[in-house]
Each structure stands twice: as structure tokens, then as C-alpha cells.
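This report refers to the structure that appears directly beneath it.
Quick note: the coordinates plus some simple rules give every number you see, no bench work behind them. Remember, predicted model here, so these are calculated numbers, not experimental data. No Cβ is skipped: glycine too gets one built from the backbone with ideal geometry, and neighbour counts run over all protein chains shown.
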Amino acid sequence: MKKRKTLYRLLACVSIIFIFYALVKNYWIDPGATGFLSRKTGLKRELNLPVWLNVMYVHVAFACLAMASGLVNFSNRIFEKSRKFHRINGYIYIVSVLLVVLTSGYMAPYATNGKISSWGFNALNMLWLFITITALIQIKKKRIIRHRNWMIRSYAFCFTNMFIHLITSLFHQGLGLEYAASYTIGIYASIALLLVIPEIIIRTSRTELTIR
Ligand code: HEM
């Protein structure tokens, strides 16, 4: 129980800091995404900047909303206080995921480093959609533990952008690899980590439940 509380607090800290960072950076410090876009070279399709930027604003807004609503729904205290709130907030999470996936689908063909990165984003989109819908189906069948586990898997994807940028920086600034290649490595390494980390969390919380 104590372990779970610590994990939730850690998750809350990381999520809140990242939401704040994403909002400030993308709507205030660099609303034109100049830093990010300057690294795009040799695009096969012409990027319509005003459209891309507006799609990116919607993308960031709903990504942050998904992150916040998901975090709130993992709180046992809030769940025990009002199941109705948990349900409504759960639908807010699902709609947010749908909108992030939709906007991501628009941006994917223009991804940094071309097709290979686009495929990674398309895979992310399909995986996230599948996992989130599975979580919903499980609760419709009243399988609470399975619903919780699929939601842990789904929520991990809210950290996609954070993981991609951390891994890209590690390869680009840390190991001196070219930015575009580092970015593609960032996408695929993130997919792997976003699938593995939730499994570790699910297994750990399962043993904790059986020990108690
Ligand atoms: C909290 C979660 C997320 C946040 C805050 C976020 C934010 C952003 C931001 C700010 C950009 C613009 C470029 C940059 O600075 O990275 C971006 C690009 C993009 N995001 Fe997200 N995102 C999130 C999750 C996701 C997820 C889950 C997916 C896919 C399922 C996704 C797909 C994309 C795509 C395809 C691009 C364009 C990449 C490119 O042009 O190279 N994002 N995102």
C-alpha cells in the first residue's frame, strides 16, 4: 500500500511538471515551434505551417488533458469519493486520447527524419488506440483488475513526448549522433519502454497484493 502511494506521488510529480513544461514551452516560449521545425530537413511533403501549428496546439492541449485526467483517475481517494466522477473523467481521458491520435495522424507524415519516423508514430497511434479501447471494454465487462492494468498500459503512452525528447537528447547531445537519427531512435526506443515499464509496474503491484 505504502509502495503504491509512493509510486502515485512520484507519477503525480512527473506528470504535473511535464504538463506545466509542455504548456509553457509550446504556447509561450516557442509557440512557432521554431526550434523543433528547424531540424526538419528534406521533407517529402510540403508542410503547411499555419495548419501544422494549429494541429500541434490542439495536440498539446489534449495530450496534457489526457495526462491530467488519467492521473486523477488513478487516485484511490477520488475513486472512493465519487465513482460518477471517475466515469465522467474516464470518458474525458478517452476523448482526449482520440484527439491526440487524430492530430498525431495529421502530423505523422511530416515527422522529423521522414518515413521511418512516420511508421513509428503510426504504430504508436494504433497501439495507444487499441490499448485504451481494451481498457474500456474490460470495465464494460466489469473486470476491474484487468481494466486497471490496461489503463496503466494506456497511461504510459501519455509520456511518449517526454521519452522521445529524453532519448533523442541522450543520443544527440550525449553520444554526438546526428539529430534526425537520434530522433528516430527516440521514437522506437520509447515504444519499447512504454510497453515494458507498465508490465513491470503491473507485476510489482500484483506481488504486493499477494504478499499483503
Ligand atoms: C503528453 C503527451 C504528449 C505531448 C505533451 C505531446 C506534445 C507534442 C509536441 C509539443 C509536438 C511538437 C514537436 C515537439 O516539440 O515534440 C508533438 C509532435 C508530435 N506528436 Fe506529440 N505529444 C504527446 C503525445 C503524443 C502521442 C501519444 C503521440 C502518438 C500516439 C504523438 C504523436 C506526435 C507526432 C506524430 C508529432 C509530430 C512529430 C514530428 O513532426 O516529427 N504525441 N507532440
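Non-local lysine pairs in the stretch 63-167, meaning eight or more places apart or on different chains, with alpha-carbon distances under 21 Å, amount to 5. For the stretch 148-159, the Karplus equation 6.51 cos²θ - 1.76 cosθ + 1.60, evaluated at θ = phi - 60°, returns couplings of 4, 5, 5, 5, 4, 4, 5, 4, 3, 5, 5, 9 Hz by residue, with Gly and Pro reported as x.
If you take the Cα centroid of the stretch 45-124 and the Cα centroid of the stretch 153-188, the two points sit 18 Å apart. Normalised size of the chain, defined as Cα radius of gyration per 2.2 N^0.38 Å with N residues, equals 1.07. Here, the stretch 1-94 is characterised by an Rg to Rh ratio of 1.12, where Rg is the alpha-carbon radius of gyration and Rh the Kirkwood radius. Spin-label model, residue 143 to residue 6: label points 7 Å out along the Cα-to-beta-carbon direction sit 3.2 nm apart. Taking the Kirkwood radius as the inverse of the mean 1/r across Cα pairs, report the Rg/Rh of the stretch 87-142. Rounded to two decimals, Rg/Rh equals 1.10. Put simply, when 55-64, 4-13 are sorted by average Cβ atoms within 10 angstrom per residue, most first, you get 55-64, 4-13. Cα gyration tensor of the stretch 103-181, axes a ≥ b ≥ c as square roots of the eigenvalues: rounded (a/c below 1.5), prolate (a/b > b/c) or oblate? Because a/c hits 1.5 or more and a/b fails to exceed b/c, the stretch 103-181 counts as oblate. In percent, how large is the relative contact order of the stretch 55-212, given Cα pairs closer than 8 Å and 6 or more residues apart? Dividing the mean separation by the residue count of the stretch 55-212 yields 19 percent. Just to be sure I understand: if I project the alpha-carbon convex hull of the stretch 139-212 onto a plane and average over all orientations, what area do I get in nm²? Mean projected area for the stretch 139-212: 6.2 nm², to one decimal.
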